[in-house]
Amino acid sequence: MPPRTQALRVDVLSPGAVLSGRFRVERVLGQGGMGVVVAAHHLQLDRRVALKFLLPEAVKSEVVLARFLREARTAARLQGEHVARVIDVGTLDEGTPFLVMEYLEGRDLADTLKLRGALPQDEAVTYVLQACEALAEAHAAGIVHRDLKPANLFLARRPDGTAAVKVLDFGISKASMYDSVDAALTRESAMMGSPAYMSPEQLRSARDVDHRTDVWSLGVVLYELLTGRVVFDAATLPDLHVQILSAAPSSVRVRRPELPPLLDGVVMRCLEKDPARRFSSVADLAAALAPFAPPASRIHVERAVRTAGGTHLSVADVAPATALSPAQAWPQAPAVGHATSTSEPLPPPRAYGAAAPVFPAYPVVPPALAPEPRAQSAASTLAVVGLVLLLLFVVFIGGACVVCAGVVSL
């Protein structure tokens, strides 16, 4: 565990203060339950950065300090466009640690929902696909976020003015390479996170979750983006836990009837209580969302699949219908190539990253033994001529026999 540090003095973060001889504070960007983020100017690099500090109350906890440092080394391993990057770490003169992060302009999805309510389908799906791209990188590195929620999905503005989701706060992430040394941290932070977005298995045991807990949380986020409301809502924390553990989620289409039934099926599959019944990866989730995304956003599906180690498939090759909507069939692409006479149904489309379907082998005539087309035609003609001659011969013989019988009778 890191050594205890002194509490952060408020005056240290006043505008114009220079920290560690490198950062000039500009203004406070925001404050949460345990930390505060300020905008600062990096004097050596002549660029704006964000500095994240722990609040005085949080500094007193060794568990929180360990969590803070975990966020630094976890985020530093991820370099994708949709992860908020940690550039460096530092320590103030009195010993308070801080993270140096890329500066982001915009607002998080929690604030966006408060301002606008439910979002259009294309926009909501695009934001979740960008988060899938970021999480595909994290999961490939053995990192599970465990605290996905609209407040941790930041809508940053690109230089061209378009929005890009940045996944924030890997502070309570579970990284497999750290599990053996951070078991105590995992136990003590078992209930860290946001209960409304936590999976059933995370409520039971935070230490035993895997990447499918992030699939659940993304389903909750997508549900809220589409409807403007959380999946489960209760007056007390125990009641909320009971709902998450045992209550069936209401359909997205109860609140947005105009949304496609298949999109509702994708959300419901994310919210399966049994992790084995959810999408097996965020890449599979991205593939299932592809038909509901605008064309420009499908690049995030491709990137998520490649990052997860899958193979490129066409957008038509999406995940099959879920058990929650068995009557619905995923649209199939029209057949390409020559027509066949078989009436067998086409194989179901496969998910991104799945192995190519294996078709039964049919006997093939070796080319050397296969008759040429002209030979087949000549043989057919000769067969017809022979049959005609045989019929004429039979008629001739039959007539001759009749004549002979008449002569004998005379």
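Assorted remarks:
- Linear extension gain, Leu92 paired with Ala164, 0.36 nm per residue minus alpha-carbon span: 22.7 nm
- By average C-beta atoms within 10 angstrom, highest first, the peptides 12-19, 99-106: 99-106, 12-19
- Whole-Hz Karplus values for the range 154-165 come out as 9, 8, 8, 9, 6, x, 8, x, 6, 8, 9, 6 Hz, taken residue by residue from phi with 6.51 cos²θ - 1.76 cosθ + 1.60 and θ = phi - 60°; glycine and proline positions read x.
- Applying a DSSP loop filter and a limit of 15 other Cβ atoms within 10 Å to the trypsin sites (Lys or Arg not before Pro) in the range 21-114 leaves Lys60, Arg85.
- Residue exposure proxy: His82, His41, ordered by other Cβ atoms within 10 angstrom of their Cβ from fewest to most, comes out as His41, His82.
- Of the GluC sites (Glu not before Pro) found in the range 197-296, those in coil by DSSP whose Cβ has at most 12 other Cβ atoms within 10 Å are Glu258.
- In order along the range 100-113, phi translates into HN-Hα couplings of 9, 10, 5, 7, 10, 10, x, 8, 7, 5, 5, 5, 4, 5 Hz, rounded to whole numbers, per the Karplus curve 6.51 cos²θ - 1.76 cosθ + 1.60 with θ = phi - 60° and x for Gly and Pro.
- For Arg277, net neighbour charge (Lys/Arg +1, Asp/Glu -1) across residues whose Cβ lies under 12 Å away: +2
- Checked against a 24 Å cut-off, the cross-linked pairs Lys114/Lys149; Lys114/Lys273; Lys52/Lys166 give Cα-Cα distances beyond that limit for Lys114/Lys273.
FYI, it's all coordinate maths here, none of it is from the lab. Computed from a predicted structure; not experimentally measured. Ideal geometry is used to build each Cβ from the backbone, glycine not excepted, and the neighbour counts take in all protein chains shown.
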